[in-house]
Amino acid sequence: MKFGRKIFLGLVGLYFAIPLVATGVFSLWQGSNRYGFDGYTALFNQDELWTSLALSFELAVETVLASLVILVPAIFWMHLRLPRLKAVFDVISALPFVIPPIVLVAGMSALYTGPEWLVSTPHYLVIPYVVMTLPYTYRTLDVGLGALDIRTLSEAAQSLGAGWGTLVFRVVLPNLTTALVGAALLTVAIAMGEFTFANILLFKTFAVFIAFIGQSYPTEAAALTLLSFLITWAAMMGVLLGGRERAEIGGTR
Amino acid sequence: MRRWRRRALPVIFIGPLILFVLSFLILPAGQLLLSAFRDESGNFTLTYLEGLADSSAAFENSILLSGASALLGTVVGGITAYLVCGRENSARSFVRAFSAVAANFAGVPLAFAFVATVGSLGMITLWFKQAGLDIYRLGFSLYGLPGLVLVYAYFQIPLMLIVITPAVEGLRKEWREAAEGLGATPLQYWRMVGLPILMPSLASAFVLLFGNAFSAYATPYALTSGALSLVPIEISNVLSGNVMLAPQAGAALALGMIVVMGLVMLFHQLASRRLKRWTGR
Amino acid sequence: MSYLAIEGLSKHYGNRNILSNVSLSIGHGEFLSLLGPSGCGKTTLLRIIAGFESPDTGRLLLDGREITPVSAAQRGMGMVFQAYSLFPNMTALDNVRFGLRIRKLAAKEQLSRARDMLALVGLADHMQKYPSQLSGGQQQRVALARALAIRPALLLLDEPLSALDAKVRVQLRDEIRNIQREAGVATIFVTHDQEEALSISDRVAVMHDGSVAQIGSPAEIYGTPRDIFVARFIGISTEFDGVVTESNTVRVGGVTLPASQADGLPKGAGVRVLIRPENVHLNHAGSGSGPALAGHVISETFFGATTQIRIELAEGGSLIATLPTIEAAKFPPATPICAIWAPEAPHLFLKDGRQATSVT
């Protein structure tokens, strides 16, 4: 029994380790029996790597800000005044799961063909990204605000003569830091790797760049793959260290 | 003034979210629904929905792939969760951290990691070849359904671990000992107590994994460049004009996808309700 | 007479000794409590008897047959855990039936026996409920019925009342005793609550640091503690440092007081003197004759029939006395008093904790 457990866990471990190791070896391969960092130098000299990485990061940050602006007031109000609304919000937050990215992009491109200044810039992607990360952001903020007991906090603050602005900026937001950081990191991780929308709407984000590289430069693609694994790892460590019990599951499949 | 505030405040706080969800989630989905039932001149038609029959291969492949990878993920992830949960803390937090990363490490990079490993020129493939074993000649292909199942397992197993661990840790030592004290063998314990208690969690985890695989697009796209017929791939082919199909056909496919995912959510809800009755929460 | 015999049981985890050389026996139909503070090894001992853990050395004999190597599943002991041990996916009835299904009894027999058991614990109306629909006390009754349904060789109770409200705890405690008597099954009851142990047991084994400090009837344990640990752990008492003066007296502070246990101790030997509050007699200062501890009342705690009086002694330190409430009314706070006790009342212990008389 004990032996069987070790073998099983060992096999599972191998399954997860081998692709990473093989990718690492592959990224150093320079044909026949030569190995070196040529792939990495070639990769880092590509301007498009940096522009696409910068674009993805920019989009990720914008997504975080937009999500918070839209969600924090709504969830705050729900906890404060309209707990009945929770059922509705729960359903809303599950909708992006029922309407997957590929379906949403189909619907959005059928419905919105303009205005030109919006749909032709990559920043248009922020809208679907907010939708995609909605379940995770919503759940994090809901748990965070729920744990705060907004009602008591706001009554305490108001009994001390604090106004609305003071309440939100001096009481609620500081107490929400952990939840906000967790939600933000998760959003960044998802937005950085998002492929579906960007690929179909033809914007060159980081993930699209990886796909593009992969079609012609396998060594560089392997190097990029490792890089992207490290980015995911960093973001997830942030989420886990930020005190969240379990990291949620997002990402593009 | 007071009345104005009472009306305006909820709108200010909740309005943006409602408006956003309406414009960018409900309306696009509604648009698909409408266009799937309308022909070029705007008349009601069932042609496109009937046309889905031609895409039955895509649905079959998608369901087969999602089912197989979800089953693999449920079984391997479930057993791993059980084996790991009794271990020391450091092993558990490593597994927890790694599953969080691996569950999110998907899409294009994941596809390339597997191409570099067991693709036709992957490291493992080449090593095997040097050892005189050509796995591609033996019938393996990373670019077909079995290959995709192998790749999907990389995010399905960690996802299962994350989803099922609380339930597995919720199995009380007292239950096993009570069963043992009453004369049950380990097998009897699992058959009569352990598995029945886990069953709702396992079922809801399975459908979650199923939906997760069913809506996956980036991974199969990067692996097969759109050649393998899966529902998300077919939709994207219509959208990018790669195939000679009317946009309405894409809408019909998307509709079919919404129905499948809706069913998945429904099963998920039913399973959690069953669980609530036992836990009383 | 001994039904279960435990011989020389030892167990350690790492370099920590949990049990060292424990020997015990329990008779047919006897109710034995294992009482001790947390970490004294009582739960480990119970789990070894149940078969969930195995001892490093020593053996267990049930009715003369060695059961040390027998697995828990084969021992046929009925165990009731602290809490949450009911299978949440089964109704109360199915929980009670579980052991009978394992034993492959005929379905009819299973049902009728399970029903009888639930009726015995007073839950005839709750048979189809799931554990989550039952209160904590009801859940423990079901657990008791489940353990009894298999007609166990021994009933093992691991602090079954500790998770319950005070009121339910007392009620269920008495019921457990009645049901146990009715079923006539030998029972081992683990608890850290002395009141629980003393009130329902035939015998109590007080455990301390992995061994049995004393075993005896509740009255023996309370009335003649064998060492200072038992005396301190059971009930409350006031402690003094004393010196043996004559064959029947000890000097406490500046006063020489009667103590029959001083008999046989060398003159001048240092001892700890423990006196139970109900054995302290109070008189108004100056009214009594002979040697007594002088002091005055500082506070009173009302317990209904009795009242506890705290006294500050003239030579320092304090003394607790429990009097019937009517008596206590004569000594309001600040009253100067003198306290005495009967010669057989104080317990004397040597510096190493052993009881004074056991030396001789």
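If you bin the C-alpha pair distances of the range B:34-79 every 5 Å from 0, what whole percents do you get?
Reading the bins upward from 0: 5, 20, 14, 12, 12, 10, 9, 7, 6, 3, 1, 0.
Restricting to DSSP H runs of at least four residues, report the calculated mean residue ellipticity at 222 nm for chain A, -39500 (n - 2.57) per run over all residues, nearest 500 deg cm²/dmol.
About -24000 deg cm²/dmol.
How large is the dipole of the protein assembly as shown about the Cα centre if only Lys and Arg carry +1 and Asp and Glu carry -1, each at its Cβ, rounded to the nearest 20 debye?
1060
From the square roots a ≥ b ≥ c of the eigenvalues of the alpha-carbon gyration tensor of the range B:1-126, which class results: rounded (a/c under 1.5), prolate (a/b over b/c), or oblate?
Taking the square roots of the gyration eigenvalues as a ≥ b ≥ c, the range B:1-126 is oblate.
Can you give me the long-range amide H partners of residue C:306? Hydrogens built in the peptide plane at 1.01 Å from N, cutoff under 5 Å, separation of 5 or more residues or another chain.
Counting only residues 5 or more places away or on other chains, the set is C:325.
By how many degrees, between 0 and 90 and to the nearest 10, does the Cα long axis of helix A:177-193 differ from the longest principal axis of chain A?
Taking Cα atoms only, the helix is inclined about 40 degrees.
What list of ³J(HN,Hα) values in whole Hz, one per residue of the range C:4-19 in order, does the Karplus curve 6.51 cos²θ - 1.76 cosθ + 1.60 (θ = phi - 60°) give from phi, with Gly and Pro shown as x?
Rounded to whole hertz, the list is 10, 10, 10, 10, x, 7, 10, 7, 9, 10, x, 9, 9, 7, 8, 10.
So how do B:199, B:257 line up by other beta-carbon neighbours within 10 Å, fewest first?
B:199, B:257
Among B:60, B:50, C:196, rank each residue by its count of other Cβ atoms within 10 Å, from fewest to most, as a rough exposure measure.
B:50, B:60, C:196
Quickly rank C:227-234, C:101-108, B:110-117 as a protection proxy: mean count of other C-beta atoms within 10 Å, highest first.
Those peptides, ordered most packed to least, come out B:110-117, C:227-234, C:101-108.
At 24 Å minimum axial length over the Cα atoms and a Kyte-Doolittle cut of -1.0, report the qualifying DSSP H helices in chain B, or say none.
What comes out of the filter, once short or polar helices are dropped, is B:2-21, B:56-85, B:145-169, B:195-214, B:247-279.
I need the shape label for the range A:46-252. Rule: rounded when a/c is under 1.5, else prolate if a/b > b/c, else oblate, with a, b, c from the alpha carbon gyration tensor.
Because a/c hits 1.5 or more and a/b exceeds b/c, the range A:46-252 counts as prolate.
Amide H to amide H, which residues 5 or more places from residue C:250 or on other chains are under 5 Å from it, using H placed in the peptide plane?
C:245, C:257, C:259
Please identify, among B:229, B:41, B:141, the residue showing maximal mean-square fluctuation in a Gaussian network model of chain B using a 10 angstrom Cα cutoff.
B:41
Work out from phi, with θ = phi - 60° and the Karplus expression 6.51 cos²θ - 1.76 cosθ + 1.60, the ³J(HN,Hα) of each residue of the range A:111-128, listed in order in whole Hz, and give x for Gly and Pro.
8, 10, 10, x, x, 4, 4, 8, 6, 8, 9, x, 5, 4, 4, 4, 4, x
Determine the shielding of peptide B:92-102 by partner chains: average, over its residues, the number of Cβ atoms on other chains within 10 angstrom of each Cβ.
Rounded to a whole number, the mean comes out at 5.
Taking every Cα atom in chain C, find the radius of gyration and the maximum pairwise distance Dmax, and write them in Å.
Final numbers for Rg and Dmax: 24.8, 79 Å.
State the Cα centre-to-centre distance between the range B:183-205 and the range C:238-253 in whole Å.
65
Beta carbons within 10 angstrom, averaged per residue: use that to sort the peptides C:154-164, C:175-185, highest first.
Sorting C:154-164, C:175-185 by mean packing, highest first, produces C:154-164, C:175-185.
Helix-derived [θ] at 222 nm for chain C: sum -39500 (n - 2.57) over DSSP H runs of at least 4, divide by residue count, nearest 500?
Only helices count here, giving -7500 deg cm²/dmol.
With N residues in the range B:53-279, what two-decimal value do you get for its Cα radius of gyration over 2.2 N^0.38 Å?
1.18
Hey, how many Å between the Cα centroid of the range B:86-155 and the Cα centroid of the range C:277-306?
83
Mind telling me which of B:172, B:92, B:137 comes out most flexible in a GNM of chain B, alpha-carbon contacts under 10 Å?
B:137
What average count of beta carbons from other chains do you get within 10 Å of the Cβ of residues in A:193-199?
Average neighbour count from other chains, rounded to a whole number: 5.
Highest mean first, how do C:335-341, C:202-208 rank when packing is the count of other Cβ atoms within 10 Å averaged over residues?
Sorting C:335-341, C:202-208 by mean packing, highest first, produces C:202-208, C:335-341.
If you wrap the range B:1-68's Cα atoms in a convex hull and average its projection over all directions, what's the area in nm²?
Orientation-averaged projected area of the Cα hull: 8.5 nm².
Could you work out how far helix A:86-98 tilts from the main Cα principal axis of chain A, as a 0 to 90 degree angle to the nearest 10?
20
Arrange the following residues from fewest to most other Cβ atoms within 10 Å of their Cβ: B:267, A:8.
With the fewest neighbours first, B:267, A:8 line up as A:8, B:267.
Placing +1 at every Lys and Arg Cβ and -1 at every Asp and Glu Cβ, with all other atoms neutral, what dipole size does the range A:46-252 have around its Cα centre, in debye to the nearest 20?
Using Cβ point charges on Lys, Arg, Asp and Glu, the range A:46-252 gives about 640 debye.
Let me know the mean shielding of B:213-223 by other chains, meaning the per-residue number of their Cβ atoms within 10 Å of its Cβ.
Per-residue shielding by partner chains comes out at 6.
Tell me, what ³J(HN,Hα) does each residue in the range C:233-244 have, in order and in whole Hz, if you take phi through Karplus 6.51 cos²θ - 1.76 cosθ + 1.60 with θ = phi - 60° and put x for Gly and Pro?
6, 9, x, 10, 8, 9, 10, 10, 8, x, 10, 5
Over chain B, with a Gaussian network built from C-alpha contacts below 10 Å, which listed residue (B:185, B:224, B:80) shows the highest mean-square fluctuation?
For chain B, modelled as a Gaussian network with Cα springs under 10 Å, the answer is B:185.
Skipping prolines and chain starts, which residues have an amide H placed within reach, meaning under 5 Å, of the one on residue C:79, given they are 5 or more residues away or on another chain?
C:156
Which value in Å does the Kirkwood hydrodynamic radius of the protein assembly as shown take, with 1/r averaged over all unlike C-alpha pairs and then inverted?
Roughly 33.5 Å, rounded to one decimal.
The numbers here are math on the coordinates, done by the rules we state, and not lab data. Since this is a predicted model, take the numbers as computed values, not measurements. Note: ideal-geometry Cβ built from the backbone for every residue, glycine included; neighbour counts use all protein chains shown.
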